1. For the stretch 1-15, enumerate the residues that are assigned to a loop (DSSP other than H, G, I, E, B) and under 19 Å from Asp47 (Cβ atoms).
2. Does at least one position in the stretch 40-59 carry a residue that is touching a residue at least 40 places away in the same chain (Cβ under 8 Å), exposed (fewer than 13 other Cβ atoms within 10 Å of the Cβ) and outside any loop (DSSP other than H, G, I, E, B)?
3. Within the stretch 140-152, identify whether any single residue is at pLDDT 90 or above and in contact with a Cys (Cβ under 6 Å, 6 or more places away or on another chain), and answer yes or no.
4. Conditions: (1) outside any helix (DSSP H, G or I); (2) surrounded by 10 or more Cβ atoms within 10 Å (Cβ to Cβ). Val35 meets all but one. Number of the miss?
5. For residues that are outside any helix (DSSP H, G or I) and closer than 12 Å to Ile152 by Cα, tally how many sit in the stretch 92-117.
6. So if I check each of Ile97, Ile81, which one is without any contact (Cβ under 8 Å) to a residue 24 or more places away in the chain, within 18 Å of Val143 (Cα to Cα) and either out of contact with any helix residue (DSSP H, G or I) (no Cβ under 8 Å at 6 or more places or on another chain) or among the hydroxyl-bearing types (Ser, Thr, Tyr) (or both)?
7. Being part of a loop (DSSP other than H, G, I, E, B), surrounded by 15 or more Cβ atoms within 10 Å (Cβ to Cβ) and of a type in the set (Lys, Arg), is that true of even one residue in the stretch 71-85?
Amino acid sequence: FSLAREKAPAIIFIDEIDAIAAQRVELGTSGEREVNRTFMQLLAEIDGFDPLGDVKIIGATNRIDILDPAILRPGRLDRLIHVPLPDGKGRAEIFKIHTRKMPLKEVDLNVLAKLTEGFSGADIKAVCTEAGYFAIREKRNYVSMDDFFKAIKKVRREESSEGYKDMFG
């Protein structure tokens, strides 16, 4: 925060802010106490005696349901911007981005976009990476549609085991 104030105008971006700004619980474990101290320090930096001035804070999470209401009060992180999952056209564009350096053979990105409804950009990147791994395991120098089918199944299976999909987006 002091560096951001010094270099202002500046933006502090905190990815997965839920890791330090989750609703406080009274478990009393040393880990929970440390997270609470970190959260209290974050609030002190935001609200403290040294005004933030031209320093803005952006936090990102896919677990908005567990954020402590204190972090969302006016003057803190007081704007919520929901970024929806990409539509079919968006998914096709994301596939184009993540496959542009991949040697593809008879791959239809529009079909892949249709098969990945409900996937985020990160999910699609994981699909492309996994498809590449499947091709490497087969000792091929190109990625096929079948590699993508297997990768979609794998990523979908990994996501369902995480259980976050229904919580936010």
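1. Answer for the stretch 1-15, where residues must be assigned to a loop (DSSP other than H, G, I, E, B) and under 19 Å from Asp47 (Cβ atoms): Phe1, Ala8.
2. Checked the stretch 40-59: no residue is touching a residue at least 40 places away in the same chain (Cβ under 8 Å), exposed (fewer than 13 other Cβ atoms within 10 Å of the Cβ) and outside any loop (DSSP other than H, G, I, E, B).
3. no
4. (1) is the only condition that Val35 fails.
5. Of the residues in the stretch 92-117, 2 are outside any helix (DSSP H, G or I) and closer than 12 Å to Ile152 by Cα.
6. None of the other options fit; the residue is Ile97.
7. Looking through the stretch 71-85, at least one residue is part of a loop (DSSP other than H, G, I, E, B), surrounded by 15 or more Cβ atoms within 10 Å (Cβ to Cβ) and of a type in the set (Lys, Arg).
The values are calculated or read from the model by the stated rules, or taken from the named source; none is laboratory data. Note that this is a predicted model, so its numbers are computed, not measured. FYI the Cβ positions are ideal-geometry reconstructions off the backbone, even for glycines, and counts take in every protein chain you see.
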